[in-house]
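**Student:** Here it is, the structure in full.
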Amino acid sequence: VPELSLVSPMDPQKRGSHVAYSHPLAEKIAQALIAKGVVIDYRKPELIRFGIAPLYLDSQDIAQAVQIVSEVVKSLR
């Protein structure tokens, strides 16, 4: 199973507060993340976007989301 592939620009000035990844099983991953309470934006056919808003999220929220994403992607193997 392939890893997530970053598709948003690395430069924060060009990407704003969204970080987007592609994956052939993005829809399945999106459903699993939503079921686990991770709020994402899924775009067909294979894009998952995360909105990183410091007004609402802190570093612990981000770390928890990264851990859940990692677990979900590993479970596909």
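The values are calculated or read from the model by the stated rules, or taken from the named source; none is laboratory data. Small disclaimer: the values here were computed from a predicted structure and weren't measured. Glycine gets a Cβ as well: all are built from the backbone with ideal geometry, and neighbour counts include every protein chain shown. SASA here: full protein model, heavy atoms, side chains in, ligands and nucleic acids out. Shrake-Rupley method; radii C 1.70, N 1.55, O 1.52, S 1.80 Å.
**Student:** Return a yes/no flag: does the stretch 1-11 have any residue that is of a type in the set (Val, Ile, Thr) and modelled with pLDDT under 90.
**Tutor:** Scanning the stretch 1-11, I find at least one residue that is of a type in the set (Val, Ile, Thr) and modelled with pLDDT under 90, so the answer is yes.
**Student:** Among the residues of the stretch 51-68, how many are in contact with a helix residue (DSSP H, G or I) (Cβ under 9 Å, 6 or more places away or on another chain) and either among the small types (Gly, Ala, Ser) or modelled with pLDDT of 95 or more (or both)?
**Tutor:** 2
**Student:** Further question: Give me a count of the residues in the stretch 6-16 that are open to solvent by 60 Å² or more (accessible area, probe 1.4 Å) and of a type outside the set (A, V, I, L, M).
**Tutor:** So the count comes out to 5.
**Student:** Name every residue in the stretch 24-66 that is within 11 Å of the chain's Cα centre (by Cα) and either open to solvent by 70 Å² or more (accessible area, probe 1.4 Å) or not aliphatic (A, V, I, L, M) (or both), in order of residue number.
**Tutor:** Those that are within 11 Å of the chain's Cα centre (by Cα) and either open to solvent by 70 Å² or more (accessible area, probe 1.4 Å) or not aliphatic (A, V, I, L, M) (or both): Ile34, Val39, Asp41, Tyr42, Arg49, Phe50, Gly51, Val66.
**Student:** Can you tell me which residues in the stretch 24-54 are under 17 Å from Gln64 (Cβ atoms) and in a loop (DSSP other than H, G, I, E, B)?
**Tutor:** Lys36, Gly37, Val38, Val39, Ile40, Ile52, Ala53, Pro54 - these are the residues of the stretch 24-54 that are under 17 Å from Gln64 (Cβ atoms) and in a loop (DSSP other than H, G, I, E, B).
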